[in-house]
Structure formats: C-alpha cells, structure tokens
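The values are calculated or read from the model by the stated rules, or taken from the named source; none is laboratory data. The structure displayed is predicted, hence computed values, not measured ones. Neighbour counts run over all protein chains shown; Cβ positions are idealised from the backbone, glycine included.
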Amino acid sequence: MEKYAVVVAGGSGLRMGTTIPKQFLLVRDKPLLWYTLNAFLDSFADMQIILVLPEQHIQTGQDILRSTYDPDRIWMTVGGETRFHSVRNGLQHIKKHSIVFVHDGVRCLLTPQLIRRCYDAAVDKGNAIPATTAVDTIRIDTVNGNEQIDRNKVRIIQTPQTFFSDIIINAFEQDFHESFTDEASVVERLGVKINLIEGESTNIKITRPLDLLIAEKVLEEREMGL
C-alpha cells in the first residue's frame with residue numbers, strides 16, 4: 001500500500017530561548033528535522049514525505065531535504081495559520097488510497113520500528129495513535145480544587161498519528177474547531193474510534209533546552225549500538 005508521511009514543522013524557538021525555530025536547531029551537528037526525515041526514509045523503501053514548513057523557512061527546508069540520503073522521496077508545501085491548516089495543506093497532495101502518517105517535525109527521536117508498528121496497526125484497524133502510560137502522579141482541577149486520578153488510565157499521546165487516507169482526508173474537510181489539538185481529535189469528531197498503540201519513551205517533543213541534552217544522549221547511545 002502507498003505510504004505518505006506529512007511532517008509538520010512550524011514550531012518556533014520561543015520556549016528554547018532562541019531565535020532559531022526548533023526544527024532547525026542542531027544536535028550532533030545535524031538539524032532536528034534531518035533526523036525526523038531520515039527515520040521515515042529508513043522505515044519503508046516506498047515511503048513518500050510531504051514536509052510542511054512556514055513560507056519564510058522553505059529555503060532552509062530545501063537545504064535540509066537535500067542533505068538526506070534520498071531527497072527524491074521528499075517534497076515540500078507551505079504551512080497554514082494553525083497546525084490543523086498546515087496538516088490540511090499537506091493532505092491536499094495525497095491523491096491515492098494510502099496509509100498516512102502525520103508527525104511533529106521536532107519529534108526527532110522516533111524510530112523506524114515505531115513507524116512500522118503504526119503502519120501495521122493502521123492497516124488492521126484503520127488508525128494507530130502511539131501513546132505511553134503516565135509515570136507521575138496525576139491530579140486534575142475540579143470545581144472544588146483538584147483531585148488525584150488513576151494514572152494507569154492516562155495516556156500521553158505522541159506522533160506519528162496514522163490513518164487510512166480516506167479517513168483523515170475526510171476528517172480534515174471539517175471546519176477548524178478549537179478542540180482540535182491533534183489529528184486524532186479531528187478524526188474522532190466524525191465518530192471514528194481511536195486505536196492506541198504503545199509508543200516510545202524516547203519519542204519526545206523537543207521543547208525545552210533540557211530536551212536537546214536528552215536527544216544528544218539518546219542519539220549518541222544509538223550510534224554506539226546501546
């Protein structure tokens with residue numbers, strides 16, 4: 001089956017305290033986005049990637065694209081006002097029945113193995129959303145203050161969120177709603193049951209300076225085969 005990854009990379013460097021967008025920050029002399037793109041290229045020989053970037057960063061994206069080992073399988077499009085609109089712009093380039101992965105460009109530590117597991121589960125059940133179990137004590141705000149909830153029932157959602165193309169393309173024909181925080185929430189609004197699979201503890205979203213140090217260590221250990 002055809003495979004497309006819509007990689008959305010529209011973040012800023014505000015929480016990093018930098019003027020450089022997060023996806024272009026360097027880890028081990030490579031931009032975060034470079035690792036993300038190569039993970040998808042490594043996952044399947046027929047994977048096609050649609051990279052969605054803000055218009056002002058298209059040239060930088062082109063430079064990173066050309067530095068991957070198979071740039072012919074990647075093309076680019078311009079993002080929109082919100083993540084929802086950026087994903088919609090990427091989906092417009094998919095014309096064939098396929099499996100579609102939507103991924104945060106700054107989750108640069110995902111592995112080809114996770115991508116393949118998402119694919120297998122989506123083929124079987126129509127969608128696959130990687131998630132991990134909460135390890136901290138969880139409390140929720142209530143009208144009376146706050147209360148503890150069972151952390152074993154809490155799932156931390158990751159990407160790539162993976163769907164049959166007809167499901168996700170149809171879902172993104174809806175008008176934007178403020179409750180759309182990820183692709184699963186868009187699809188779920190149409191009444192589709194969301195299927196969670198086990199994610200990866202290292203598949204973090206690079207947001208803070210500490211995350212860069214974690215990414216550096218994880219990538220170093222992978223290079224050493226640890």
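Which residues, taken from region 22-33, are out of contact with any Pro (no Cβ under 8 Å at 6 or more places or on another chain), buried (at least 21 other Cβ atoms within 10 Å of the Cβ) and free of Cβ contacts under 8 Å to residues at least 60 places away in the same chain? If the condition is that a residue be out of contact with any Pro (no Cβ under 8 Å at 6 or more places or on another chain), buried (at least 21 other Cβ atoms within 10 Å of the Cβ) and free of Cβ contacts under 8 Å to residues at least 60 places away in the same chain, then PRO31 is the only one that fits. Within region 56-109, the set of residues being surrounded by fewer than 15 Cβ atoms within 10 Å (Cβ to Cβ), within 18 Å of VAL186 (Cβ to Cβ) and either at pLDDT below 95 or touching a Leu at 6+ places or on another chain (Cβ under 6 Å) (or both) comprises GLU81, THR82.
In the condition set (1) over 27 Å from ASN195 (Cβ atoms); (2) surrounded by fewer than 23 Cβ atoms within 10 Å (Cβ to Cβ), LEU53 is compliant with all but (2). Remark: pairs (first residue in region 107-129, within 13 Å of GLN161 (Cβ to Cβ); second residue among the acidic types (Asp, Glu) and surrounded by fewer than 24 Cβ atoms within 10 Å (Cβ to Cβ); Cβ separation under 6 Å; 6+ apart in sequence or on different chains) = LEU114/GLU200. Whenever a residue of region 67-79 is free of Cβ contacts under 8 Å to residues at least 40 places away in the same chain, its partners that are surrounded by fewer than 15 Cβ atoms within 10 Å (Cβ to Cβ) and in a loop (DSSP other than H, G, I, E, B), lying with C-beta atoms within less than 8 angstrom and at least six residues away or across chains, give the pairs TRP75/HIS93; THR77/GLN92; THR77/HIS93. Of all residues in region 111-165, those satisfying the criterion of being β-branched (Val, Ile, Thr) and more than 15 Å from the chain's Cα centre (by Cα) are VAL123, THR133, VAL135, THR137, ILE138, ILE140, THR142, VAL143, ILE149, VAL154.
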